[in-house]
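What follows is a single structure, written as structure tokens, with notes after it.
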Amino acid sequence: MEDHRCQAPLITNESTTVHVLYPESNKVEILDDGRSIRDVIDSKIRECSSVGDPELFYVANLDSILERYLQWVTNLPRVKPFYAVKCNNTASAIRMLRALGTGFDCASKAEIQLALSLGATPDQIIYAHTTKPQSHIRYACTRGVDMMTFDSEDELLKISLCHAEAKLVIRIAVDDSKSLVRLSSKFGASLASAGRLLERAKELGLQVIGVSFHVGSGCTGAEAFKQAIADARRVFDIASSLGFQLRLLDIGGGFSEIGDFQQKFEKFSKVINASLDKLFPPDSGVEIIAEPGRYFVESAFTLAVNVTAKRTVVDDEDSSSDRTIMYYINDGVYGSLSCVIFDPAHCQLEPYLHRAVGSAEPRYQSVIWGPTCDCMDKVMERCWMPELHVGDFLLFDNMGAYSVSLFSNFNSFEKAHIFPVVAAKTWRALNLAHSFGNTC
Ligand SMILES: Cc1ncc(COP(=O)(O)O)c(C=O)c1O
């Protein structure tokens with residue numbers, strides 16, 4: 001198998017050099033002969049197996065990102081998405097979103113560098129972190145990235161020193177009790193403090209252009225958006241009484257479409273649209289943006305991992321109990337499966353065997369471990385599976401969100417390689433050769 005590792009880690013753009021965190025094929029594989037994603041996975045597994053060095057890899061289905069984008073513009077036509085790069089910083093996903101015309105929510109200097117190097121323009125970036133290192137604010141300033149969030153007086157002071165021309169967005173804390181990952185305990189000014197912060201911004205001569213919030217990741221209740229939009233309206237009114245003319249509302253992230261979230265997006269959209277039309281009607285001139293992460297990439301990535309070892313254990317104290325087969329795979333919670341520990345919105349993994357499994361094959365009580373020396377590195381607690389063999393591949397669907405971007409280097413295990421794939425008609429319709437710079 002061709003080794004792309006030496007080609008992929010750097011993306012260069014004029015004076016900037018950006019480290020892309022995951023090894024990724026420079027080339028997008030174009031499906032132009034009736035091949036499916038499953039065919040691509042099969043052929044990658046065949047390649048891996050034939051060289052006798054089974055690896056781990058993702059196949060990134062860029063058409064899935066397109067589908068989500070089309071669903072977004074159909075359901076939330078007034079809301080421009082600024083993709084949250086933190087969710088998955090894979091170059092091909094960012095290039096695809098760039099080609100579709102989204103903006104980008106960046107949380108650090110490196111994310112800004114990455115978005116710029118992949119073609120985003122500074123006005124398409126919001127630096128959406130309320131506690132920024134001064135050097136990162138200065139970097140944003142030098143690159144013309146002006147839009148950034150704040151939620152405290154200290155942040156205002158830093159911004160006045162490092163980027164006095166910034167266009168500021170006040171982030172407010174909102175009710176996130178309906179979300180699986182709650183963010184408002186860490187970020188966001190209270191409604192009670194918003195007026196004081198806006199006055200302070202005025203004293204410092206800073207420009208405030210809008211309000212943002214995040215209802216929390218994996219939001220389960222559309223009412224959270226309704227209340228948060230009403231809270232934002234109050235801050236717009238406070239700002240107006242202080243002489244500000246705010247013109248931007250950022251409704252954050254929190255959208256998902258897998259598992260329990262299926263069919264929720266349309267329902268959420270109806271609630272959001274009704275609130276926006278009531279409190280921020282089109283003729284108000286307020287631009288509406290959002291910072292979806294999970295929504296765009298979650299279903300686009302399938303992870304293929306390899307069984308590297310197994311061990312059968314029998315409970316010596318209880319001879320009546322079933323034996324348990326322990327499997328060790330080459331990715332785990334310190335790699336791209338950290339969602340098991342860190343992501344309550346996606347902690348129920350459903351791996352399946354790549355090879356065909358007969359319905360009559362017996363199932364055994366099994367445990368799946370990651371590759372590191374730590375016992376925290378457990379991917380699946382007792383589950384019933386057909387017997388696996390060393391060298392078998394397991395597939396995990398819906399692995400695009402908070403997976404590749406959370407990889408740690410613990411025990412220095414190999415990172416999964418990423419193979420981006422797109423349908424030929426999408427490649428042509430979006431003129432992706434221009435965005436990706438390859439034609440095959
Ligand atoms: C400021 C901010 N914006 C956007 C996101 C993306 O959220 P999600 O992936 O739930 O859409 C996050 C996630 O942590 C965030 O902190």
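The values are calculated or read from the model by the stated rules, or taken from the named source; none is laboratory data. Source: prediction; values computed, not measured. Because the Cβ atoms are built from the backbone with ideal geometry, glycine has one as well, and the counts that use them run over all protein chains shown. The accessibility values were calculated without ligands, DNA or RNA, using every heavy atom of the protein model including side chains. Shrake-Rupley method; radii C 1.70, N 1.55, O 1.52, S 1.80 Å.
A few points about this structure:
- Condition check for Ala309: without any contact (Cβ under 8 Å) to a residue 12 or more places away in the chain and out of contact with any Asp or Glu (no Cβ under 9 Å at 6 or more places or on another chain): no
- Identity of the residue in segment 96-144, β-branched (Val, Ile, Thr), away from the ligand (no atom under 12 Å from the Cβ) and out of contact with any strand residue (DSSP E or B) (no Cβ under 7 Å at 6 or more places or on another chain), that ends up farthest from Ile159 (Cα to Cα): Thr121
- The single condition among (1) outside any loop (DSSP other than H, G, I, E, B); (2) within 14 Å of the ligand (Cβ to nearest atom); (3) in contact with a strand residue (DSSP E or B) (Cβ under 9 Å, 6 or more places away or on another chain) that Gly253 does not meet is (1).
- Scanning segment 160-199 for residues that are at pLDDT 95 or above, loosely packed, with under 15 Cβ neighbours inside 10 Å and of a type in the set (Ser, Thr, Tyr) yields one hit, Ser190.
- Residues in segment 275-301 that are in a helix (DSSP H, G or I), open to solvent by less than 10 Å² (accessible area, probe 1.4 Å) and over 21 Å from Gly216 (Cβ atoms): 1 in all.
- Segment 389-410 residues that are within 16 Å of the ligand (Cβ to nearest atom), paired with ones that are among the basic types (Lys, Arg) and assigned to a loop (DSSP other than H, G, I, E, B) (beta carbon under 9 Å, 6 or more apart): Val404/Lys415
- Hits in segment 277-326 - residues which are of a type in the set (A, V, I, L, M), in contact with a strand residue (DSSP E or B) (Cβ under 6 Å, 6 or more places away or on another chain) and more than 16 Å from the ligand (Cβ to nearest atom): Val286, Leu303, Ala304, Val305, Val307, Ala309, Val313, Ile325, Met326
- Contact map, segment 97-115: first residue free of Cβ contacts under 8 Å to residues at least 24 places away in the same chain, second residue part of a strand (DSSP E or B) and within 14 Å of the ligand (Cβ to nearest atom), Cβ cut-off under 6 Å, separation 6 or more or different chains; pairs are Phe104/Phe82; Phe104/Tyr83; Phe104/Ile125.
- Residues located in segment 374-411, provided they are under 27 Å from Asp39 (Cβ atoms), assigned to a loop (DSSP other than H, G, I, E, B), open to solvent by 10 Å² or more (accessible area, probe 1.4 Å) and aliphatic (A, V, I, L, M): Val390
- Segment 200-248, subset of a type in the set (A, V, I, L, M, F, W, C), under 19 Å from Asp175 (Cβ atoms) and more than 14 Å from the ligand (Cβ to nearest atom), residue surrounded by the most Cβ atoms within 10 Å (Cβ to Cβ): Ala232
- Any hit, segment 412-432, residues being open to solvent by 50 Å² or more (accessible area, probe 1.4 Å), without any contact (Cβ under 8 Å) to a residue 12 or more places away in the chain and either closer than 25 Å to Asp343 by Cβ or in contact with a Lys or Arg (Cβ under 6 Å, 6 or more places away or on another chain) (or both): yes
- The residue list Ala164, Ala192, Ala201 contains one member that is out of contact with any helix residue (DSSP H, G or I) (no Cβ under 9 Å at 6 or more places or on another chain) and either more than 28 Å from Ser269 (Cα to Cα) or not assigned by TED's automatic domain parsing to the domain that holds Ile272 (or both), which is Ala192.
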